[in-house]
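Worksheet for the structure shown next.
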Amino acid sequence: LRDFLLVYNRMTELCFRHCVCNLNYRLLTGREESCLDSCAARLVRANHRLMGAYVGLVPALLQRRAAEHGAPAAPPGLPA
């Protein structure tokens, strides 16, 4: 949940700074709304791609870590 909130807050800040340039009105202009929609969509797609790559790498990392912990230790005095 913490990671999700960090990503969400960062995305909100980036898109707001990029798209909203006039704070004199209560409502967003049409241009600001479309900019925010496309900005958020880009960041969500990028996040999905990163998470997909991460999910693909995790099994290999876990196997490597298990192999390292399961490997017998070298006797003292011998180089590893």
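The values are calculated or read from the model by the stated rules, or taken from the named source; none is laboratory data. Remember, it's a predicted structure, so these values are computed and weren't measured experimentally. Neighbour counts are summed over all protein chains in view; Cβ atoms, including those assigned to glycine, are modelled from backbone coordinates with ideal geometry. Please note that ligands, DNA and RNA were not included when accessible areas were found on the heavy atoms of the full protein model with its side chains. Shrake-Rupley method; radii C 1.70, N 1.55, O 1.52, S 1.80 Å.
Here are some notes:
- Within the accessible area of the chain (1.4 Å probe), percent carbon and sulfur: 62 percent
- Coupling constants for the stretch 33-42 follow from the phi torsions by the Karplus curve (6.51 cos²θ - 1.76 cosθ + 1.60, θ = phi - 60°), and in residue order they are 4, 5, 5, 5, 4, 5, 5, 5, 4, 4 Hz; glycine and proline get x.
- For the chain: accessible area per residue (Å², 1.4 Å): 92 Å²
- Angle between the chain longest axis and helix 2-19 axis [Cα atoms, degrees, rounded to 10]: 40 degrees
- Residues considered: G56, G70, G30. Largest GNM mean-square fluctuation over the chain, using C-alpha springs under 10 Å, is found at G70.
- Between L5 and D37, full extension at 0.36 nm per residue minus the direct alpha carbon distance yields a gain of 9.6 nm.
- For the chain, the Cys residues with no second cysteine's beta carbon closer than 4.7 Å are C21.
- Simple point charges give the picture: +1 on the Cβ of Lys and Arg, -1 on the Cβ of Asp and Glu, and for the stretch 1-67 a dipole about the Cα centre of about 300 debye.
- The chain: Rg to Rh, with Rh as the Kirkwood radius over Cα pairs: 1.37
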